[in-house]
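Nothing in this text is a laboratory measurement; each read-out follows from the coordinates by a stated rule. If you're wondering where the values come from, they're calculated on a predicted model, not measured in any experiment. Cβ coordinates were reconstructed from backbone atoms using ideal geometry, including for glycine residues, and neighbour counts include every protein chain displayed.
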Amino acid sequence: MTKISSVEAFLLGKEIISAKWASLMVLVRVTTTDGKVGYGETVSALRAEAVLSFINKIDKVMKGRDVFDLEKNRMEWYKQDFNMAISLESTTAFSAFDIASWDIIGKEFEVPIYKLLGGKYRDRIPLYANGWYQNCVTPEEFVEKAKDVVRKGYKALKFDPFGPYFDIIDKKGLKEAEERVKAVREAVGDDVDILIEHHGRFNVDSAIMIAKRLEKYNPLFMEEPVHPDDIEGLRKYRENVKLKVALGERIITKTQALQFLKDKLVNCLQIDLSRIGGVTEARKVVGMSEAFDVLMAFHNAQGLILNAVTLQLDASIPNFLIQESFYEWFPSWKIDLIKNSTPVENGEAIIPEKPGIGVDINEKLIEELKVEKELYSYSEEPLWVVKGTWRSY
Ligand SMILES: O=C(O)C(=O)C[C@H](O)[C@H](O)CO
Ligand SMILES: [Mg+2]
């Protein structure tokens, strides 16, 4: 029995980066009584202290339990936390614990996790770039950065072309968004995919107007076109728009995922392993999606532990579309933390082959990067946008 002796969390950070929401990192370490160590990562933006307190409670519940008992351990936490199914803080804390558990299990068998999930389905992981458009507002600024992305070898890139518009978009906003998308499409050509991020900010009539304006640029998908809880709006969007819909980063249970699948509200599911319940729950949602002919494009916007474990699933699943990557736009401290062991080559990720999640943690950096608490200051530009893009021009 590989008994859990501790579940610890560390709040790490250094500087604000293009992905402001990911300027902090809650690193979770699970240790067993025989000294095995596994790492996971959770969501931190606006809720770091709450997540740390959940990890502290998970530590108390999991001490002495077998790290291999993934389903039993999850059910125990689900039983202990009456509100787990409606709490991102609880599910993200548990997701990190589950990821760290799989890290230990892979290390026990001395294999990367993908070998425990059915082996390799693909040798490399095609990526789309995100985070590349910091401080872009004018079409020219977007074009300059988009060309850099293509020069790096990416065959797909995602961006949010909507500036500071929220809920309703007017003629000026539509014109600005179209100018940005048109300029990027013309700059990258037809062989590079463009993916439109709405960040779930529009009411459905605005979202439909946007789709009508942008469909001529042939986006691979429209991500979170309407507010995340606007199910009726999404139904109306699906009735009026032919473009593919992608969503899922805010789904925290497989039951929620089922609602979108059974009502055919999504073409591509973007669940996030650090929110849905780690590897254990993510692989169930992959199977459910496969039954509905829905492809996976995991959300992956937090850090390099999440990136590594996400690549393990990408390697092994049949219904895969493309993988989000901030890798080349994350701060160097996050890359250093995993000893830069999941590099991107020509717009593709190499599958990490080390045991467990496939990366080693630079443990001496943990001490160096520790921060006391999450510093938050209000600004018109919310945390969840790529920094410097909320200006009209
Ligand atoms: O990467 C994406 O698709 C995002 O939407 C990034 C979000 O801003 C981020 O996850 C907010 O926590
Ligand atoms: Mg998104």
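Taking 19 Å as the cut-off, the amide N atoms of segment 356-374 that come nearer than this to a point 7 Å along the Cα-to-beta-carbon line of residue 15 belong to 365-366, 368-372. Just report the Cα centroid separation between segment 339-358 and segment 67-94, whole Å. Rounded to whole Å, the Cα centres lie 29 Å apart.
A Förster radius of 45 Å combined with the Cβ-Cβ distance from residue 56 to residue 203 puts the calculated FRET efficiency at roughly 0.70.
Compute the Kirkwood hydrodynamic radius of segment 194-324, taking the inverse of the mean of 1/r over all pairs of distinct Cα atoms, and give it in Å to one decimal. Present the calculation step by step, with values, prior to reporting the outcome.
Working: mean 1/r = 0.0678 Å⁻¹.
About 14.7 Å, per the Kirkwood formula over Cα pairs.
Along the Cα→Cβ direction, 7 angstrom out, place labels at residue 244 and residue 346. What is the inter-label distance in nm? Modelled inter-label distance: 2.3 nm.
Considering only 367, 41, 176, give the residue with the highest GNM mean-square fluctuation for the chain, with springs between Cα atoms whenever their separation is below 10 Å. Checking each option, the largest mean-square fluctuation is seen for 367.
Fully extended, how many nm does the chain gain between residue 170 and residue 66 (0.36 nm per residue separation, minus their Cα-Cα distance)? Let's see the in-between values first.
Numbers: separation 104, 0.36 × 104 = 37.44 nm, distance 5.59 nm.
Length gained, residue 170 through residue 66: 31.8 nm.
Where Lys and Arg each count +1 and Asp and Glu each count -1, what net charge lies around residue 231 among other residues with Cβ under 11 Å from its Cβ? Here the count lands on -1.
What number do you get for the chain when its Cα radius of gyration is normalised by 2.2 N^0.38 Å, N = residues? Intermediate values should be presented prior to the final figure.
Details: Rg = 20.2 Å, N = 393, 2.2 N^0.38 = 21.3 Å.
Its radius of gyration relative to the 2.2 N^0.38 Å reference: 0.95.
Distance between the modelled labels on residue 380 and residue 235, one decimal in nanometres: 3.8 nm (7 Å Cα→Cβ projection).
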